[in-house]
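Handing you this structure, nothing more for now.
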């Protein structure tokens, strides 16, 4: 049954991305926006809009009708109401650091970008409740600093934290390097303020740990990538500030050994384990090639590495001794081939650089085919072995740049062209590579998107891997909340 037939007859249809705007002309709508937010904050010249109309990876290039930059929730609501009345599609945007094109408009010239960069205020910080109420345009690093200054911790941490906005982190359910201990963004939010597709404002800014009064509405909007409404503010969860950290790199023979080491460290160190990152040998090789100032962890190269971090609210060196003893046991048993524990903050920074520079080193090496996937933790070793072999057979000479958050099952499973090969020809086979990888992910009961979202990049892929009933449930939610289909059309669904 198609939308508009049978039981759905008479309902407003979902607006197609290519539909023209409603009865109000473009100039009239721009004038209305100007009245709402001021002339300075309505951009309509293509040169002024260029930075907003392109995604971070330069994969998608849109042509918006305008970029509107509201400064308050009331202004966001008024802009959305104007779009609803004219059936004008809008695209919510934060720091524009997304990796799947979720914040990029189409090329029709009819969509409006609503950029929340001006909404960057911390409204409240409650140290006793361990909460912080912030606006969606706040840069993640700013929130980390504000928590730190209050002697607390906001644990969300990822590579783009100096430029990404918390609204985008919430909309994509961002992950990062501390998910193992603190969870995804979904688990770091108590309440939301959201402008709905009608222009109505839902004020759910409650800092409650228990609230059994019906559906948990905030979770509809976390991870929805702006397709159901615009998150304008959030109540975030804070933690006691760690007083001590210990960082190490362990050398390993296989990803299966890394899984065994993960269990070993968890058994000996408990919830002090904050991060456990898997890094393959080629990752270290590329980092050392393109960023030679980053020190090598060992004189000898090993097949796999685990970057481990413990943290504790108790100051002192005890946590470092705990990590050293844990790794010494693993070396004695033959599980770990070698290990180095940072003796200073500078050494810890250098060890983390081995992980943090992988993406930049890949970019310097040339284009590659990226995958942000999750696999049940216990099956990661089997997945890597099986999928590496499939890709080697189908695409001889490819290099597997595999790294990621082993502790939560999230792999950045990236495929790089054969050394010296035709890069353009290899990138031209992206769909074929994706099919091998994503089919294998499905065989291992995994997900084709772990922390980057769907956007427009994986919109068609989820239809292949999600059950029809799941897709229809998602569409039903979309129809119920956004019956005109104006909220970030063409993304996710």
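Only the coordinates and a few stated rules stand behind these numbers; no lab work does. This one's a predicted model, so the numbers in the text were calculated from it and none came from an experiment. Every residue, glycine as well, gets a Cβ built from its backbone with ideal geometry; the counts of neighbours run over all protein chains shown.
For a protection proxy built on the mean count of beta-carbon atoms within 10 angstrom, sort 83-90, 337-344, 303-310 highest first, please.
On the way: 83-90: 22.1, 337-344: 16.4, 303-310: 24.0.
Descending mean neighbour count gives 303-310, 83-90, 337-344.
Where Rh is the Kirkwood radius over the Cα pairs of the stretch 119-175, the temperature 20 °C and the viscosity 1.002 mPa s, what D in µm²/s does Stokes-Einstein return? Present the calculation step by step, with values, prior to reporting the outcome.
On the way: Rh = 11.4 Å.
It diffuses with D of about 189 µm²/s by this estimate.
Please determine, in degrees from 0 to 90 and to the nearest 10, the orientation of helix 380-394 with respect to the longest principal axis defined by the Cα atoms of the chain, where the helix direction is its Cα long axis.
Taking the Cα atoms of the chain, the angle to 380-394 is about 80 degrees.
Let me ask something else. Taking only C-alpha pairs under 8 Å that are 6+ residues apart, what is the relative contact order of the chain in percent?
Details: 1012 pairs, mean separation 80.5, N = 493.
About 16 percent, as a whole number.
If you restrict to DSSP beta bridges whose two residues both lie in the chain, what percentage is antiparallel, to the nearest 5? List each step's numbers first, then the result.
On the way: 61 of 69 bridges.
So the antiparallel bridges amount to about 90 percent of the total.
What angle do you read, to the nearest 10 degrees and between 0 and 90, between the alpha-carbon axis of helix 73-86 and the longest principal axis of the chain?
Long axis of 73-86 versus the principal axis of the chain: about 60 degrees.
How long are the semi-axes of the equivalent ellipsoid of the stretch 122-240, taking √(5λ) for every eigenvalue λ of the Cα gyration tensor, in whole Å from largest down? Write down the numbers at each step before the final one.
Working: eigenvalues 88, 52, 36 Å².
For the stretch 122-240, the semi-axes come out at 21, 16, 13 Å.
Same structure again: Just to be sure I understand the model, the point goes 7 Å from the Cα along the line to the Cβ. What's the resulting residue 427 to residue 59 distance in nm?
1.2 nm
Also, quick follow-up: Go ahead and run the numbers for FRET between residue 150 and residue 72, Cβ-Cβ distance against an R0 of 30 Å, rounding to 0.05. Before the final figure, lay out the partial values.
Numbers: r = 25 Å, r/R0 = 0.82.
So, using R0 = 30 Å, E works out to roughly 0.75.
When the expected Rg is taken as 2.2 N^0.38 Å, what fraction or multiple of it is the alpha-carbon Rg of the stretch 278-342?
Values: Rg = 13.8 Å, N = 65, 2.2 N^0.38 = 10.7 Å.
Computed over Cα atoms of the stretch 278-342, the ratio equals 1.29.
How do 49, 474, 487 rank when sorted from fewest to most other Cβ atoms within 10 Å of their own Cβ? Before the final figure, lay out the partial values.
Values: 49 20, 474 16, 487 27.
Exposure proxy ranking, most exposed first: 474, 49, 487.
Over the stretch 257-411, what relative contact order in percent results from Cα pairs under 8 Å that are six or more residues apart?
Details: 166 pairs, mean separation 54.1, N = 155.
Here the relative contact order equals 35 percent.
Sum -39500 (n - 2.57) across every DSSP H segment of at least 4 residues in the chain, then divide by the residue count to get the 222 nm mean residue ellipticity, nearest 500. Present the calculation step by step, with values, prior to reporting the outcome.
Values: 17 runs with 170 residues, N = 493.
The helix-only estimate for the chain comes to -10000 deg cm²/dmol at 222 nm.
Viscosity 1.567 mPa s, temperature 4 °C: give me the Stokes-Einstein translational D for the stretch 366-452 in µm²/s, with Rh taken as the Kirkwood radius over C-alpha pairs.
On the way: Rh = 12.9 Å.
Result for D is 100 µm²/s.
What's the percent breakdown of Cα-Cα distances in the stretch 219-284 across 5 Å bins, shortest bin first?
Histogram of Cα-Cα distances, whole percents per bin: 3, 11, 17, 13, 10, 11, 14, 14, 7, 0.
Using the 10 angstrom Cβ neighbour count as an exposure proxy, how do 413, 457, 215 rank, fewest first? Present the calculation step by step, with values, prior to reporting the outcome.
Details: 413 26, 457 22, 215 7.
So the ranking, lowest neighbour count to highest, is 215, 457, 413.
For Cα pairs less than 8 Å apart in space and 6+ apart in sequence, what is the mean separation divided by the residue count of the stretch 122-240, i.e. the relative contact order in percent? Before the final figure, lay out each step's value.
Working: 228 pairs, mean separation 39.1, N = 119.
Computed value for the stretch 122-240: 33 percent relative contact order.
Could you give the length gained by full extension between residue 253 and residue 480, i.e. 0.36 nm per residue of separation minus their alpha carbon distance, to one decimal place?
Numbers: separation 227, 0.36 × 227 = 81.72 nm, distance 5.15 nm.
76.6 nm is the gain from fully extending residue 253 to residue 480.
How large is the Rg to Rh ratio of the chain when both quantities use alpha carbon positions and Rh follows Kirkwood? Mind dumping the intermediate values first?
Working: Rg = 23.6 Å, Rh = 24.0 Å.
Rounded to two decimals, Rg/Rh equals 0.98.
Provide the gained length on full extension for the span residue 239 to residue 34, in nm with one decimal, where the gain is 0.36 nm per separating residue minus the Cα-Cα distance.
Working: separation 205, 0.36 × 205 = 73.80 nm, distance 4.13 nm.
Taking residue 239 through residue 34 to full extension adds about 69.7 nm, to one decimal.
For the chain, find the longest principal axis of its Cα atoms and tell me its angle to the long axis of helix 255-269, 0 to 90°, nearest 10.
Helix 255-269 and the main axis of the chain meet at about 90 degrees.
What full-extension length gain, to one decimal in nm, is calculated for residue 220 and residue 318 as 0.36 nm per residue of separation minus the Cα-Cα distance? Working shown, then result.
Working: separation 98, 0.36 × 98 = 35.28 nm, distance 4.23 nm.
Between residue 220 and residue 318, full extension yields 31.0 nm more.
So what are the radius of gyration and Dmax for the Cα set of the stretch 244-359, in Å?
13.4, 38
Based on other C-beta atoms within 10 Å, arrange 283, 269 from fewest to most. The partial results should precede the final answer.
Numbers: 283 26, 269 19.
Least to most surrounded, the residues fall as 269, 283.
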